[in-house]
Amino acid sequence: MAAKSWLDNPARYLFFTGKGGVGKTSLACATAVKLADAGSRVLLVSTDPASNLSHVFDTEVGEKPRAIAQVPNLCALNIDPEAAAASYRDRVVGPVRESLPEQVVRDMEEQLSGACTTEIAAFDEFTALLIDGEATRGYDHIIFDTAPTGHTLRLMKLPSAWTSFLDNSQNGASCLGPLAGLEKQKQQYAQAVRVLADGERTRMVLVSRPEVSALKEAGRTSAELADLGVGNQWLIVNGVMREPQSDDPLALAMAARGAEAMAAMPATLKALPLDEVLLQAHNLVGVEALRQLLSASPSAEPPLSDQPTAEIDVPSLRDLVDQIAEPGHGLVMVMGKGGVGKTTVAAAVAVELASRGLPVHLTTTDPAAHLTETIEAELEHLQVDRIDPHVETERYREHVLATKGRELDEQGRLLLEEDLRSPCTEEIAVFQAFSRIIREASKKFVVVDTAPTGHTLMLLDATGSYHREVLRQSSNTLKVTTPMMRLQDPEQTKMLLVTLPETTPVLEAAQLQEDLRRADIEPWAWVINASLAAAGPTDPLLLQRARAEIKQIEKVQREHATRTAIIPWMAEQPVGPQRLHQLANSHSLEL
């Protein structure tokens, strides 16, 4: 394997970003191992709420740098958003806890319990690593395994957003809760922006798959980062299918689809330095697997005879839809890690319900989702739209100014407008739109394609905060129905967890399931998407990957799910009603 250009004269700060599921963590970890093996002192940092560094290295990685025993010179840490938020709350509330009435303290804590506080607190931790010489003095390179694209862009934009908000405020930040004390952070945020824009110190590595949607997302990310002044960008296309060594239709289709996607990549990406990383026959878990990923001489594939064979006996997605359709209405939320195919599964479920003559509203809370491109055509009984954060935020601002701002004097209105310029406003606006959609499910089917896991949990956190506040203020809780109550009621809401039949996606789906259960929400079914084992390949490389899936499929069925469906990897892109119907009705094959 030729030398990788993103490793040529690497900058001190290396950021790996891209659409969920493209392999950011694997490549960030492999890069960290490669540089550490070469003698550099490396700190690997995850800013992803769904981080899995502990699993990759088989070492408990926490909020303090932890040495990786198998790799001298390498330390790793997770920026834990929840722990950061708890610490932030203590710093704000702690000094006044004994001097203010108990109810006031509770109100402050409630204001500081939402997603905006979590993001601000995590960003404080992130910026400290960029500008605090003491925290990073002992390292030659700091490598950031960032969250999926939408979260990363918010993370990057936050310094500019807060700086603009504070610069334009004539009276300082007037809103309470998460904004408390931000003025003293202004200089730190501005310095972080300068580091990110410094091409000598920072290199931004965009990771994609040889897929149209992933490359489009990388192109948008590249353009938005460039607008923020981050110009030292490099592109890695991960999981490239080599020239097939067989006439397996699946292998030929995979290679052809990848080549077509690469040929049609956005012009912004074609101008960047490009590296390709080949599709591997095994999961990238463990230090030796990471070393092999960037090795000049990859290890040979294990003999096929050493792998077990099995018959995949899992229902199709249609079988689940038959059960979902029975009540005639309800909410279906499709959740999971970024890149597992939530949008495709949500679209397929909606198309199947609509084909039965049932009214369906298909929507998304994912800023990077492409529902209309997946559906491709208008269908009877099916309404398709998205919760647009910008539209919802503007609608919310206009409503607040027209109601709360109507009786205010000029100074009071200026203060209200300042508060509404805060990035926290978007969280409230999206939550309100989400709540409206939930109410529709009492009369029709509402299928929600959710954002990648971290954002979805933040949205549910906002829902839970609202639920607690309503119950606290209500004199008759028996007559109150909050959005959280609807999500907790299996008669009204069916949660589908989507995963790929691979170690890390299954582990992360299981973690998400535990998070949901802590909120008294029980997932209704798991959907195993894009399974090679269910597609029946004959190509040696794909057959290795397919047989490795068996263990994960059995784990889902035996340990995690009460209901399961499997979707084979499709030779043709599952776009348009006909192919989505084929996807939902595909049956497993014997491997």
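The values are calculated or read from the model by the stated rules, or taken from the named source; none is laboratory data. Quick caveat: nothing in here was measured; it's all calculated off a predicted structure. All Cβ positions, even for glycine, are placed from backbone atoms using ideal geometry, and neighbour counts span all protein chains on display. Accessible surface areas use protein heavy atoms only, side chains included; no ligands, DNA or RNA. Shrake-Rupley method; radii C 1.70, N 1.55, O 1.52, S 1.80 Å.
Quick notes on this one:
- Remark: spin-label model distance Arg12-Arg436 equals 4.8 nm, labels positioned 7 Å along the Cα→Cβ axis.
- Residue-span extension gain [Asp489 to Asp409] - 0.36 nm each, minus C-alpha spacing: 24.3 nm
- Gln511-Lys551 FRET efficiency (beta carbon distance; Förster radius 22 Å; 0.05 resolution): 0.75
- In this label model, Ala256 and Ser54 are separated by 4.5 nm, measuring between points 7 Å along each Cα→Cβ vector.
- Net charge of neighbours whose Cβ lies under 9 Å from the Cβ of Glu125, counting Lys and Arg as +1 and Asp and Glu as -1: -3
- Placed amide H near Leu279: partners under 5 Å, 5+ positions off or other chain: Gly239, Val240, Met241, Arg242
- Accessible surface of segment 523-590, 1.4 Å probe, proportion on carbon and sulfur as whole %: 45
- Whole-Hz couplings from phi, Karplus 6.51/-1.76/1.60, listed for segment 89-98; x for Gly and Pro: 4, 4, 5, 7, 8, x, x, 10, 4, 8
- Length gained when the stretch Asp520-Arg558 is fully extended (0.36 nm per residue, less Cα-Cα span): 11.5 nm
- Extended-chain gain in nm, criterion 0.36 nm per residue less alpha-carbon gap, Glu82 and Val104: 5.7 nm
- The label-point distance for Asp37 and Glu394, in a model that sets each label 7 Å from Cα toward Cβ, rounds to 5.2 nm.
- Cα centroid separation - segment 23-59 against segment 269-298, whole Å: 13
- Computing FRET efficiency as 1/(1 + (r/R0)^6) for Arg97 and His329, where r is the C-beta to C-beta distance and R0 is 41 Å, gives about 0.30.
- Local net charge near Thr499, Cβ-Cβ under 13 Å (Lys/Arg +1, Asp/Glu -1): -1
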